[in-house]
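A quick write-up on the structure given underneath.
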Amino acid sequence: MTFCYPIPVCVFAESALESVAFDRGTLWLVAGFLMLGWALARLTISRRKKAIRQRGESRETQRRLDSVKKTALPLSDAPPETQRWQVAMFDLQRELTGDLDTRIAVVQSLIRHADQRIATLQELERRQQAR
């Protein structure tokens, strides 16, 4: 028996270890728990590696998307049918703007002509009243 302080605790610990005898069932149980722990540890490690790899891939994808140059034209990277539709809309806009500008010019011309006639009529009326 070894000497340690306090004596009763050491005596009980040594006697407890000497009295423990592992039977086959207990050994299999301990082995099963060790294998389960080992499997769970490997699973956890592989999940962490996979998550780190996916984060790296998503960062790379984001970096590639951010590096794409933005163009000044809207829808310049759109499919061809969308670009054709956009060109058709721009042509229609140009045509309608031209029509509106022409009509505005005609209305302004008519208003100027009407103002001139009104001024002429007012001048004639004033001359008529002056006589």
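The values are calculated or read from the model by the stated rules, or taken from the named source; none is laboratory data. All values reported here derive from a predicted model rather than from experimental measurement. FYI the Cβ positions are ideal-geometry reconstructions off the backbone, even for glycines, and counts take in every protein chain you see.
Among R84, R59, R24, R53, which is loosely packed, with under 10 Cβ neighbours inside 10 Å and modelled with pLDDT under 95?
Values: R84 fails: loosely packed, with under 10 Cβ neighbours inside 10 Å; R59 fails: loosely packed, with under 10 Cβ neighbours inside 10 Å; R53 fails: loosely packed, with under 10 Cβ neighbours inside 10 Å.
After applying the criteria, what remains is R24.
Checking each residue in the stretch 118-131 for being assigned to a helix (DSSP H, G or I) and surrounded by fewer than 10 Cβ atoms within 10 Å (Cβ to Cβ) picks out R126, R127, Q128, Q129, A130. So for the stretch 80-96 (the condition being of a type in the set (S, T, Y) and within 26 Å of the chain's Cα centre (by Cα)), does at least one residue qualify? Yes, the conditions are met somewhere in the stretch 80-96.
Return yes or no: is D66 at pLDDT below 90 and among the charged types (D, E, K, R)? Break it down stepwise before answering.
Details: at pLDDT below 90: yes; among the charged types (D, E, K, R): yes.
Here the answer is yes, as D66 does meet what is asked.
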